[in-house]
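Worksheet for the structure shown next.
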Amino acid sequence: MVAVAILAAGKGTRMKSDLPKVLHSLGGLTLVERVLNSCSLLDLERQIVIVGYQGEKVKQALRDRASVEFVEQTEQLGTGHAVQQIIPKLEGYIGDVLVLNGDAPLLRPETLQKLVNTHQTQQNSATLLTAQLPNPQGYGRVFCDDNDLVESIIEERDCTASQKQHRRVNAGIYCFNWQQLAAALPKLSTDNDQQEYYLTEVVDYLDRVMAVDADDYLETNGINNRQQLAAAYDILQQRIKNDWMHAGVTMINSDSITIDETVKLQPNVIIEPQTHLRGNTEIAAGSRIGPGSLIENSKIGENVSVLYSVVSDSEISANTRIGPYAHLRGGAKLGENCRVGNFVEIKKTTVGANTNAAHLSYLGDATLGDRVNIGAGTITANYDGKQKHHTKIGNDSKTGSNSVLVAPLTLGDNVTVAAGSVVTKNVTDNALVIARSRQKEIPDWQPN
Ligand code: UD1
Ligand code: MG
């Protein structure tokens with residue numbers, strides 16, 4: 001049996017933030033959510049989060065996770081003190097307890113699984129995750145004998161100059177035999193530089209404590225300041241991008257690209273520089289996105305190209321070309337083989353196949369048919385100051401440059417709108433509509 005307790009009560013002074021440290025966001029998820037997610041391969045009996053500083057906010061952030069129980073640490077007197085708070089909650093519990101720092105968001109589920117397996121097969125009192133860091137600054141140092149049995153853990157601020165040279169560090173990730181831990185916790189002292197109860201001191205009271213190195217030392221990174229938060233984001237991004245490149249996605253200048261882990265890509269997608277893919281975005285094979293594009297919560301079909309454009313909450317069908325400089329948002333749905341760009345904004349509008357809006361337009365709350373040509377500068381005037389109204393444009397219709405379509409309005413099929421028209425009334429199929437004043441010429445005119 002395994003329970004997990006996550007330490008999430010600290011303020012995170014070094015973040016210099018109003019927000020508790022564990023609620024800082026890393027790639028769309030808070031640190032504490034990421035720590036909970038790292039337990040996904042374990043069959044957990046109980047999930048306990050220890051809250052304190054702005055505990056209500058932490059609880060609120062985890063409100064959708066029904067199986068999480070909370071324990072309060074009203075005063076933050078150290079990591080050992082935090083774990084002491086779960087003793088009443090786990091009274092009578094027999095089994096192992098994983099204790100995880102709430103500021104270690106890069107752990108892989110496989111690593112935790114391995115830690116628990118080692119702990120159980122070796123019948124240890126405690127097993128802790130360690131790493132050999134090129135730069136161990138800021139971490140507690142772990143000293144072991146030749147069999148990886150831990151002799152002591154010394155916080156950096158309590159280390160002598162020579163102990164500081166030691167590169168094996170404590171990741172703040174532990175698996176304990178609960179009964180032995182519960183017996184050791186009351187023995188903790190505050191005999192250290194910070195005068196806090198350190199969880200790490202329990203190794204002095206336990207029989208068999210083993211250290212296990214993480215395969216990838218980057219997983220053990222703790223977040224104590226904004227610089228480490230930024231570095232963690234880069235590590236996550238590298239993982240996500242490497243996975244997609246292995247799956248057949250091409251990235252050009254991958255360092256300048258960011259991709260949320262919720263995004264789905266098919267093989268043979270090409271991502272160009274300075275492109276950002278966010279939320280529930282899906283991109284089908286053969287599409288080329290970027291340079292310089294942001295795609296958010298959108299579905300993009302095969303062989304689409306999106307150049308220097310922003311696409312959010314929208315759908316684009318196969319072979320359509322977007323950009324440069326288009327903005328699709330709020331439920332824009334484009335058919336196959338369309339062309340949209342050069343300062344065109346499309347909002348909550350459905351566009352049929354083979355339709356073009358190639359220059360300087362706003363299309364909002366509209367439905368366009370197939371093979372429509374939207375002339376440069378065409379605007380759907382959809383808002384009367386109170387309400388939005390709909391515009392419908394039939395198949396094969398064309399709007400001249402600088403047309404204003406005042407909604408509600410229906411243009412039939414094969415309608416032609418003359419350039420510069422302000423169209424306020426519905427137009428029947430096959431008509432030419434001219435809604436502008438006639439050109440008047442005054443010959444030989446002189447100013448007074
Ligand atoms: C801790 C470890 C250190 C390890 C490092 C790994 C101790 C004494 N030191 O140091 O050996 O190398 O993590 O990142 O454990 N917290 C509480 N209540 C408290 C204090 C802290 O819940 O009273 C929580 C914090 O919110 C945080 C976690 O415990 O999520 C770790 O606290 P932090 O202050 O970051 O410890 P470190 O100094 O990083
Ligand atoms: Mg820390």
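The values are calculated or read from the model by the stated rules, or taken from the named source; none is laboratory data. Worth saying up front: this structure is predicted, and the values here are computed from it rather than measured. Neighbour counts run over all protein chains shown; Cβ positions are idealised from the backbone, glycine included. Note: areas computed on protein heavy atoms with side chains; ligands, DNA, RNA excluded. Shrake-Rupley method; radii C 1.70, N 1.55, O 1.52, S 1.80 Å.
Things worth noting here:
- Taking the accessible area of the stretch 8-96, probe 1.4 Å, and keeping the other protein chains in place, the carbon and sulfur fraction comes to 47%.
- Residues of the stretch 2-226: accessible area per residue with a 1.4 Å probe, Å²: 45
- Think of the chain as a dipole: +1 on every Lys or Arg Cβ, -1 on every Asp or Glu Cβ, centred on the Cα centre; then among PRO105, ALA82, ILE379, ILE379 lies furthest on the positive end.
- Residues VAL306, VAL404 ordered from highest to lowest accessible area at a 1.4 Å probe: VAL404, VAL306.
- Loop-located GluC sites (Glu not before Pro) in the stretch 27-105 (DSSP state other than H, G, I, E, B) with a sparse environment of at most 16 neighbouring Cβ atoms within 10 Å: GLU75, GLU91.
- For the stretch 159-175, the Karplus equation 6.51 cos²θ - 1.76 cosθ + 1.60, evaluated at θ = phi - 60°, returns couplings of 7, 6, 4, 6, 5, 5, 6, 5, 9, 7, 10, 7, 7, x, 10, 9, 10 Hz by residue, with Gly and Pro reported as x.
- Taken about its Cα centre, the chain carries a charge dipole of roughly 2120 debye when the Cβ of each Lys and Arg holds +1 and the Cβ of each Asp and Glu holds -1.
- For the stretch 53-124 versus the stretch 309-333, the gap between their alpha-carbon centres in whole angstrom: 44
- Taking the C-alpha atoms of the chain, convex hull volume expressed per residue in Å³: 216
- Accessible-area order (highest first, 1.4 angstrom probe) of the listed residues VAL406, VAL422: VAL422, VAL406
- In units of the compact-protein estimate 2.2 N^0.38 Å, the stretch 249-433 shows a Cα radius of gyration of 1.05.
- For the stretch 307-392, the share of accessible area belonging to carbon and sulfur comes to 49 percent (1.4 Å probe, ligands and nucleic acids excluded).
- Legend: distances between Cα atoms for LYS21/LYS89; LYS59/LYS264; LYS59/LYS299; pairs beyond 27 Å are LYS59/LYS264; LYS59/LYS299.
- Per residue, the stretch 254-388 exposes 42 Å² of solvent-accessible protein surface, assessed with a 1.4 angstrom probe and all protein chains in place.
- Rounded to 10°, Cα long-axis angle of helix 226-246 versus longest principal axis of the chain: 70
- Here LYS11 is the anchor, and the aspartates and glutamates within straight C-alpha reach of less than 14 Å, apart from those fewer than 8 places off in the same chain, are GLU56, GLU72, GLU75, ASP103.
- Tilt relative to the chain, helix 109-121 - C-alpha long axis, 0 to 90 degrees, to 10: 20
- Loop-located trypsin sites (Lys or Arg not before Pro) in the stretch 350-400 whose Cβ has at most 10 other Cβ within 10 Å (DSSP): LYS386
- Nearby lysines by direct alpha-carbon distance to LYS425 (threshold 17 angstrom, same-chain neighbours under 8 apart not counted): LYS388, LYS392, LYS398
- Across the stretch 2-226, counting alpha-carbon atoms alone, Rg and Dmax equal 16.1, 47 Å.
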